[in-house]
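First the structure, in the form of structure tokens, and then the observations on it.
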Amino acid sequence: MLRIALDRLPAELLPAEARRDIDIQVDRTRDRAHGDFASNIALALAKPARRKPREVAQALVDELPVSDLVIKTEIAGPGFINFFLSQDAYAAEIRNVLGRGADYGRNDNGANRKVQIEFVSANPTGPLHVGHGRGAAVGDSLARVLTANGWDVTREFYYNDAGVQIGNLAVSVQARCKGINPDDAGWPENGYRGEYIKDVADAYMQKQTVVADDISYTGTGDADDLDAIQHFAVAYLRREQDLDLKAFGVEFDVFFLESSLYTDRKVEETVRQLIAKGHTYENEGALWLKTTDFGDDKDRVMRKSDGSYTYFLPDVAYHVDKWQRGFERVINEHGADHHSTLSRVKAGLQALEIGIPKGWPDYVLHQMVTVMRGGEEVKISKRAGEYVTLRDLIDQVGRDATRYFLIARKPDSQLVFDIDLALKKSNENPVFYVQYAHARVASVLREMHERGIDYSRDAGLRAMAALGTEHEQAVMASVSRFPEV
């Protein structure tokens with residue numbers, strides 16, 4: 001409509017060259033008292049037209065074509081044009097909702113392009129805590145939105161199963177296997193103290209079998225076989241994390257093991273290529289990457305003087321693997337504690353000179369979660385064994401409530417998860433409010449059935465004019481926003 005009105009404006013008001021590159025922007029209003037949609041086009045045109053914004057706005061309104069979907073337009077403030085939709089517009093959208101059903105709001109903007117979303121990616125050293133739960137909720141929601149927008153989405157979980165923490169896990173389980181408790185002499189200095197370590201040790205000593213990635217691992221019962229203990233413990237805790245995710249309704253397409261980067265020699269190959277490109281140097285026995293050449297604030301050690309690799313190098317190798325798998329877009333959903341690694345990983349990828357775009361990959365970082373119960377903070381600490389697991393929350397408040405509260409705020413903002421609020425059966429609890437509204441609607445439909453009243457969609461659509469109250473129109477307006485997600 002505005003484009004037609006723009007084209008109809010006389011040349012003396014707005015020369016043709018001035019209107020050619022105008023970007024027409026129409027936004028929903030925050031307050032429906034100001035209409036359903038508003039445009040600032042008159043403010044943008046005022047300078048090239050050498051007229052006051054309200055004068056340009058009036059000229060545009062005078063040229064707007066007649067439409068059954070717009071019942072009224074008005075000029076507000078310095079020159080905004082507000083549009084009020086008609087009942088026919090709402091009815092048309094409701095018909096669209098009912099006609100498309102579960103496909104309502106979906107589109108093919110992604111054109112089936114490949115995008116990988118890596119999220120959760122917890123170390124297999126313990127059950128998932130609520131911080132991991134926030135990452136799971138954010139990452140899975142993002143995957144669902146992109147899928148609905150026509151992207152070919154791959155959900156990936158990266159297991160850090162090759163670091164120092166895995167060694168700490170193994171010696172912790174071994175200590176439990178030998179009857180050593182966290183407060184006893186001989187407990188590993190950096191050992192994990194949680195009770196779940198005893199569960200792993202008991203299963204290992206009882207020669208139980210666990211399955212991870214369709215591979216079976218059976219405990220040998222040998223408390224001196226640290227390698228066997230490590231493999232069993234990692235598999236056991238991976239299975240526990242998988243069960244947590246299943247209870248949360250989150251699924252993955254790919255589980256990628258950090259250890260495979262070493263067994264497949266991809267870390268070694270990444271180092272070789274970086275050296276060949278001339279972006280490394282040695283200092284005091286360590287191998288450094290000149291990340292300052294690619295925007296980092298200082299150069300970074302890749303390989304320590306003892307021959308071990310720093311943690312960001314396998315991340316570079318992992319992202320090379322992602323690129324080679326054909327993902328033109330990659331989104332990593334991580335905790336905010338990963339922020340320091342972003343610049344060095346991107347610098348490493350640029351230093352390889354293999355055609356990876358400068359801004360690749362994208363990152364979404366979530367802030368920490370503070371869990372409150374009874375007005376007091378519940379601490380999160382794997383090593384201290386005093387943390388609230390994701391499964392704890394699901395068992396206490398339910399999957400839907402847990403998920404809702406974990407995505408109720410933007411990922412980059414701090415989040416307080418109030419267990420008491422999530423359990424309240426009052427309007428203070430937004431989840432209860434939504435569930436109660438759904439229950440009321442279901443009750444009405446059930447009552448209709450009991451009274452022998454048949455629901456007719458066509459009859460309802462013919463009676464759309466009856467939905468004329470402010471609240472009814474507000475609901476219809478809210479429904480119509482869904483495709484804009």
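Bear in mind these aren't lab numbers, they're just calculated from the coordinates by the rules spelled out. Here the structure is a predicted model, which is why all the values come from computation and not from measurement. Positions of Cβ are generated from backbone atoms using ideal geometry, with glycine treated the same way; all protein chains shown enter the neighbour counts.
If I model a spin label as a point 7 Å beyond the Cα along the Cα-Cβ vector, how far apart are those points for Ser259 and Arg144 in nm?
Between Ser259 and Arg144, the label points sit 3.4 nm apart.
Taking the number of other C-beta atoms within 10 Å as the exposure measure, put Asp36, Asp213 in order starting with the fewest. Each step should come with its number before you reach the end.
Values: Asp36 19, Asp213 11.
Least to most surrounded, the residues fall as Asp213, Asp36.
Taking amide hydrogens as modeled 1.01 Å from N in the peptide plane, which residues meet the under 5 Å criterion relative to Val371, leaving out close sequence neighbours?
So Val371 has HN proximity to Val378, Phe417.
So how tilted is helix 266-276 from the main axis of the chain? Cα-based, degrees 0 to 90, rounded to 10.
80 degrees
For the range 88-221, what is one quarter of the convex hull surface built on the Cα atoms, given in nm²?
Numbers: hull surface 49.6 nm².
If you wrap the Cα atoms of the range 88-221 in a convex hull and average its projections, you get 12.4 nm².
Please order Lys290, Lys72, Lys346 by the number of other Cβ within 10 Å, starting at the fewest. Don't skip to the end; give the middle numbers.
Details: Lys290 17, Lys72 10, Lys346 22.
Ranking Lys290, Lys72, Lys346 by Cβ neighbours within 10 Å, fewest first, gives Lys72, Lys290, Lys346.
How large is ³J(HN,Hα), in whole Hz, for each residue of the range 416-426 in order, when computed from phi with the Karplus curve 6.51 cos²θ - 1.76 cosθ + 1.60 and θ = phi - 60°, using x for Gly and Pro?
3J(HN,Hα) across the range 416-426, in whole Hz: 9, 9, 8, 4, 4, 5, 5, 9, 5, 9, 8.
Using 1/(1 + (r/R0)^6) with R0 = 56 angstrom and r between the beta carbons of Arg100 and Ala185, what's the FRET efficiency to the nearest 0.05? Working shown, then result.
Details: r = 68 Å, r/R0 = 1.21.
In this case the efficiency is close to 0.25.
Ranked highest first by the average count of other Cβ atoms within 10 Å around their residues, in what order do 406-412, 301-307 fall? Don't skip to the answer; put the middle values down first.
Values: 406-412: 16.1, 301-307: 14.1.
Ranking, from highest mean packing down: 406-412, 301-307.
Specify which labelled value, from (1) 34.0, 110; (2) 22.7, 74; (3) 29.3, 92, agrees with Rg and Dmax of the Cα atoms in Å derived from the coordinates of the model shown.
From the options (1) 34.0, 110; (2) 22.7, 74; (3) 29.3, 92, the structure gives (3).
So what's the range 430-484 giving for Cα Rg divided by 2.2 N^0.38 Å, two decimals?
On the way: Rg = 13.6 Å, N = 55, 2.2 N^0.38 = 10.1 Å.
Here the Cα radius of gyration is 1.35 times the empirical estimate.
List, in order, the whole-Hz ³J(HN,Hα) value for each residue of the range 130-144 obtained from phi through the Karplus relation with A = 6.51, B = -1.76, C = 1.60 and θ = phi - 60°; use x for Gly and Pro.
Those phi angles translate into 5, x, 4, x, 5, x, 5, 5, 5, x, 5, 5, 4, 4, 5 Hz.
So how do Asp222, Asp103 line up by other beta-carbon neighbours within 10 Å, fewest first? If you can, show how the numbers build up before the last one.
Working: Asp222 13, Asp103 9.
In increasing order of surrounding Cβ atoms, one gets Asp103, Asp222.
Setting aside same-chain residues fewer than 8 positions from Lys72, which lysines have a Cα under 23 Å from its Cα?
Partners within reach: Lys52.
Pairs to check: Lys290/Lys379; Lys277/Lys304; Lys198/Lys410; Lys114/Lys246; Lys379/Lys424. Give those whose C-alpha atoms are more than 30 Å from each other in this structure.
Values: Lys290/Lys379 39 Å; Lys277/Lys304 20 Å; Lys198/Lys410 37 Å; Lys114/Lys246 25 Å; Lys379/Lys424 22 Å.
Checking Cα-Cα distances, Lys290/Lys379; Lys198/Lys410 exceed 30 Å.
In whole percent, what relative contact order does the range 176-332 give with Cα contacts below 8 Å and a gap of six or more residues?
Values: 137 pairs, mean separation 18.1, N = 157.
For the range 176-332, the relative contact order is 12 percent.
Stretch Asn107-Ser426 to full length: gain in nm at 0.36 nm per residue minus the Cα-Cα span? It would help to have the intermediate numbers written out before the result.
Details: separation 319, 0.36 × 319 = 114.84 nm, distance 3.67 nm.
So the extension gain works out to 111.2 nm.
Output the antiparallel fraction of DSSP beta bridges having both residues in the chain, as a percent to the nearest 5.
On the way: 28 of 50 bridges.
Bridges in the chain are about 55 percent antiparallel.
Which FRET efficiency value, to the nearest 0.05, do you get for Lys72 and Val475 by plugging their Cβ-Cβ distance into 1/(1 + (r/R0)^6) with R0 = 25 Å? Intermediate values should be presented prior to the final figure.
Numbers: r = 20 Å, r/R0 = 0.82.
FRET efficiency, Lys72 to Val475: 0.75.
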